[in-house]
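Below is one structure, written out as structure tokens; the observations come after it.
The values are calculated or read from the model by the stated rules, or taken from the named source; none is laboratory data. All of these numbers come straight from a predicted model, not from anything done at the bench. In this analysis, Cβ positions are derived from the backbone assuming ideal geometry, glycine residues included, and neighbour counts consider all displayed protein chains. Ligands, DNA and RNA are excluded from the accessible area calculation, which covers all protein heavy atoms including side chains. Shrake-Rupley method; radii C 1.70, N 1.55, O 1.52, S 1.80 Å.
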Amino acid sequence: MGTRKVAIVTGARRGIGRSIATTLAREGYDIVVHDIEIDDLARQTEHEIHALGVECFLVEADLARTEAAESLVKSSADHFGRVDAVVNNAATWTWGAFQEIEEEDWDRMVSVDLRAPLLISQSAADVMSKQETGGAIVNISSVHRSRTWPNDTVYGICKAGIVRLTESMAYELGPAGIRVNAI
């Protein structure tokens with residue numbers, strides 16, 4: 001196993017995910033930068049993380065695919081030899097009126113915004129438990145979880161679900177030394 005702690009950050013090539021990844025890198029974590037595509041933005045994030053003196057591993061995966069979650073954790077653990085933290089930040093959204101929600105949009109948002117954090121966390125908790133070092137899982141929610149805006153039905157449902165998922169995960173994983181929180 002490596003000497004530094006390792007954090008997986010989903011949706012980390014830009015925006016909030018990138019800020020989380022670089023902050024963890026400043027704290028000395030080696031970082032797995034995940035996103036749906038590895039492009040120039042992802043490579044800029046990788047460069048910024050390397051400049052902080054830690055390792056960065058880029059992983060491209062579409063979290064709407066069930067197998068992508070397990071693959072993300074497995075490839076990260078194989079690369080670094082451990083996983084100490086996961087930040088489930090990746091999200092997708094399609095804004096639209098309640099009566100106009102398309103089944104494909106519902107399926108994609110629920111898959112990426114709610115199912116993927118569940119599956120990633122299950123895989124990561126398995127790795128963390130075997131390491132016997134505990135760990136941390138952080139799920140990114142939103143004010144949309146409790147406050148309604150026009151056209152945000154599915155996104156709001158997913159973000160409310162993340163909070164409830166976090167509560168169950170914290171309750172069940174706490175005894176193994178795995179902290180789970182939602183922001």
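Scan the stretch 93-138 residue by residue and report those that are among the acidic types (Asp, Glu) and either within 22 Å of Ala182 (Cβ to Cβ) or under 16 Å from the mean Cα position of the chain (by Cα) (or both).
Taking the stretch 93-138 as the starting set, the residues that turn out to be among the acidic types (Asp, Glu) are 100, 102-105, 107, 113, 126, 132.
Asp113, Asp126, listed by residue number.
Just to be sure before I move on: is Ile8 touching a strand residue (DSSP E or B) at 6+ places or on another chain (Cβ under 8 Å), open to solvent by 10 Å² or more (accessible area, probe 1.4 Å) and under 23 Å from Asp113 (Cα atoms) in the structure I sent? So that I can check it myself, show each step before the final result.
Details: touching a strand residue (DSSP E or B) at 6+ places or on another chain (Cβ under 8 Å): yes; open to solvent by 10 Å² or more (accessible area, probe 1.4 Å): no; under 23 Å from Asp113 (Cα atoms): yes.
The answer is no for Ile8.
Just checking, does the stretch 96-111 include any residue being open to solvent by less than 40 Å² (accessible area, probe 1.4 Å), under 18 Å from Arg4 (Cα atoms) and either out of contact with any Pro (no Cβ under 8 Å at 6 or more places or on another chain) or modelled with pLDDT of 95 or more (or both)?
Looking through the stretch 96-111, none of the residues is open to solvent by less than 40 Å² (accessible area, probe 1.4 Å), under 18 Å from Arg4 (Cα atoms) and either out of contact with any Pro (no Cβ under 8 Å at 6 or more places or on another chain) or modelled with pLDDT of 95 or more (or both).
Is one or more of the residues making up the stretch 74-93 closer than 19 Å to Gly161 by Cβ, out of contact with any Pro (no Cβ under 7 Å at 6 or more places or on another chain) and open to solvent by 70 Å² or more (accessible area, probe 1.4 Å)?
yes
For the stretch 119-138, name all the residues that are crowded, with 17+ Cβ neighbours inside 10 Å and of a type outside the set (Ser, Thr, Tyr). Quick ask: steps written out before the conclusion?
Going residue by residue through the stretch 119-138, those that are crowded, with 17+ Cβ neighbours inside 10 Å are 119-121, 123-125, 127-128, 135-138.
Scanning the stretch 119-138 gives Leu119, Ile120, Ala124, Ala125, Val127, Met128, Gly135, Ala136, Ile137, Val138.
Applying the selection to the stretch 171-183, what residues are over 14 Å from Met128 (Cα atoms) and in contact with a strand residue (DSSP E or B) (Cβ under 8 Å, 6 or more places away or on another chain)? Even if it seems obvious, please write down each step before you answer.
Kept after step one, since they are over 14 Å from Met128 (Cα atoms), are these residues of the stretch 171-183: 171, 181-183.
Once the filter is applied, which keeps residues that are over 14 Å from Met128 (Cα atoms) and in contact with a strand residue (DSSP E or B) (Cβ under 8 Å, 6 or more places away or on another chain), the stretch 171-183 yields Asn181, Ala182, Ile183.
Give me the pairs: first residue in the stretch 64-82 and under 18 Å from Val112 (Cβ atoms), second residue not hydrophobic (A, V, I, L, M, F, W, C), beta-carbon distance under 7 Å, and six or more apart or on different chains, which are they?
Ala64/Arg108; Ala64/Ser111; Ala68/Asp62; Ala69/Ser123; Glu70/Ser123; Leu72/His34; Val73/Ser123
So, in the stretch 20-59, how many residues would count as being within 13 Å of the chain's Cα centre (by Cα) and either assigned to a helix (DSSP H, G or I) or buried (at least 20 other Cβ atoms within 10 Å of the Cβ) (or both)?
In the first step, residues of the stretch 20-59 are kept if they are within 13 Å of the chain's Cα centre (by Cα); the result is 20-21, 31-36, 59.
Of the ones still in play, those that are also either assigned to a helix (DSSP H, G or I) or buried (at least 20 other Cβ atoms within 10 Å of the Cβ) (or both) are 20-21, 31-35, 59.
Residues in the stretch 20-59 being within 13 Å of the chain's Cα centre (by Cα) and either assigned to a helix (DSSP H, G or I) or buried (at least 20 other Cβ atoms within 10 Å of the Cβ) (or both): 8 in total.
Please determine whether any residue of the stretch 15-22 is β-branched (Val, Ile, Thr), at pLDDT below 95 and over 28 Å from Trp106 (Cα atoms).
The initial filter retains those residues of the stretch 15-22 that are β-branched (Val, Ile, Thr), namely 16, 20, 22.
Keeping just the survivors that are at pLDDT below 95 gives none.
No, the stretch 15-22 contains no residue that is β-branched (Val, Ile, Thr), at pLDDT below 95 and over 28 Å from Trp106 (Cα atoms).
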